[in-house]
Amino acid sequence: MSGMEGRGSRTRVAVIGATGSVGGSVLDICARFPDRFQVVAVACRSNARELLGAASRFRAKYACLYAPRDGQSDTAREFGLRGAELLTGRDGLECVASMPEVDHVVFASSGTDAITSLQRALASGKDVSLANKESVVAAGPWVMPFVRRPGQLRPLDSEHSAIWQCVRDEPPGSVSRVLLTASGGPFRDWTLGMMRDATPEDALKHPVWPMGAKITIDSATLMNKGIECIEAMRLFDLPADGVGALIHPSSQVHGLVVFKDATVKLLLYRPDMRVPAAAALAWPDRLPLGEMSGFGELPSDEWSLNFSKPDENRFPCFKIALDAGRAGGAYPPLLIGADEAAVNAFLRGYIPFLGISNIIESTLERYSGPRPSTLEDAIELISLGGSMAESIISASGG
Ligand code: NDP
Ligand code: MG
């Protein structure tokens, strides 16, 4: 345990991605348990207005804008008036992630800009809650070796939180395989013919989780579940065959662990990102969320244990991601870059929904370079995946 934790004092938290969907869930938990958590730093990409609101609400001492828009000195003055020092850019983010005034860093940003900050946070001994799956998928081999103690890196993604909660008290070597659940997204029951005409508006209607746009589109293609399988390989040190996924429309069960003795543990809770956020922030304690209005246990007569296998024909992105995870090397970072570019192109109306998987698959097929051997190589491969996907999109008239 780091810093002030365990000494009866508040955990000093930095929230990266504080203006986003998961960041909001994390801040909600911090606000409900002010005797446990003190938000000392908040960071986002460029939404200065929202960030200022969060910094003021929590009286944060530091705020970081990764890519400030115009008028930076005015913005710094505004933050200063609220008692927060404004940092900027990658250096600013790395500083927030490793500063001595912080015990626990939450990575709830989208994209991969925070990879070096994640590495810095772990290397400087911080406790880390990780929602940002892209970083650990693209750069796992250069991030995971910095995890020094059990419980230092805590999954915040709901499925991985469930797996973590099922395995953390089990002896090493006892897991046979893990299964992540997927709601199936908005197109779970759509035919390929219907999906051909799917609009961004259709794809952004997630049936269970309110989330940022990128992950919502990834849920509609099932790329999110494929990426999450690679995330599980990284976080729990499992081979590709040790991770799978099940469609579970009610999203009550979030993850299942099959043990060597053929027993299965699963974790069930109301689908609400504040639950895994609380589990990660408070470990090894459990916060009394069940007593709070708006949370509450799922009544046992409503429990649903319906599971089915994902359909790889209708959702090719799932298999593309699993294959990239199995191949390893350059493929996970290329996948992350290509997916980001393809999802952007779909959201801007440049390519159809079914074009997303074609673009990503073509990008991976065309790559014939070396495996990454450093973190810098992996970061370059993310950009390369993005630019290769963009040129395939332009060449196809998108
Ligand atoms: P949102 O789009 O809602 O929010 C993204 C957040 O990240 C914003 O605060 C954004 O700032 C910030 N951000 C983006 N780039 C940077 C950067 N370079 N430096 C600092 N902050 C940055 O996304 P979500 O909350 O939905 O998702 C965030 C991450 O969590 C993703 O990796 C996603 O896969 C993962 N996740 C999300 C879940 C969910 O329920 N939403 C569930 C499980 C995992 P700004 O507002 O300025 O753009
Ligand atoms: Mg998830």
If the viscosity is 1.567 mPa s and the temperature 4 °C, what translational diffusion coefficient in µm²/s does Stokes-Einstein give for the chain when Rh comes from Kirkwood over Cα pairs? 60
Nothing charged except the Cβ atoms of Lys and Arg (+1) and of Asp and Glu (-1): what's the magnitude of the dipole of the chain about its Cα centre? Round to the nearest 20 debye. 660
Over region 238-340, what is the relative contact order in percent, taking alpha-carbon pairs closer than 8 angstrom and at least six residues apart? 28
Any trypsin sites (Lys or Arg not before Pro) in region 4-85 that lie in a DSSP loop and have at most 13 other Cβ atoms within 10 Å would be Arg7, Arg59, Arg69
Using the C-alpha atoms of region 252-345, what convex hull volume per residue, in cubic angstrom, is computed? 212
Once phi is turned into θ = phi - 60°, what whole-Hz ³J(HN,Hα) does the Karplus curve with 6.51, -1.76 and 1.60 give for every residue of region 200-212, x standing for Gly and Pro? x, 4, 4, 6, 7, 8, 6, x, 10, 9, x, 9, x
Mean Cβ neighbour count within 10 Å, used as a protection proxy, ranking 175-183, 283-291 highest first: 175-183, 283-291
Taking region 304-398, which trypsin sites (Lys or Arg not before Pro) meet the DSSP loop condition and have no more than 13 other C-beta atoms within 10 Å? Arg348
Please name whichever of Ser383, Val178, Ser109 sits farthest to the positive end of the charge dipole of the chain, dipole taken about the Cα centre and charges placed at Cβ: Lys and Arg +1, Asp and Glu -1. Ser109
Full-extension gain in nm, Ala67 to Arg348, via 0.36 nm per residue minus C-alpha separation: 99.0 nm
Okay, helix-only estimate at 222 nm for the chain: each DSSP H run of n ≥ 4 adds -39500 (n - 2.57), divide by all residues, round to 500 deg cm²/dmol; what do you get? -13500 deg cm²/dmol
Of Lys126/Lys225; Lys126/Lys260; Lys126/Lys319; Lys260/Lys309; Lys61/Lys214, which pairs sit farther than 23 Å apart, going by alpha carbon to alpha carbon? Lys126/Lys225; Lys126/Lys260; Lys126/Lys319; Lys61/Lys214
Report Rg/Rh for region 31-74, rounded to two decimals, where Rg is the Cα radius of gyration and Rh the Kirkwood radius. 1.04
What FRET efficiency do you get for Glu170 and Phe307 if R0 is 25 Å and r is their Cβ-Cβ distance, rounded to the nearest 0.05? 0.70
Using the Cα gyration tensor of region 156-241, with a ≥ b ≥ c the square roots of its eigenvalues, what is the shape: rounded (a/c below 1.5), prolate (a/b larger than b/c) or oblate (neither)? prolate
FRET efficiency for Asp35 and Ala395, Cβ-Cβ distance as r, R0 = 56 Å, nearest 0.05? 0.45
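Throughout, read-outs are computed from the coordinates displayed, never taken from laboratory work. As the structure is a prediction and not an experimental result, all values here were calculated from the model. Virtual Cβ from ideal backbone geometry, glycine too; neighbours counted across all protein chains shown.
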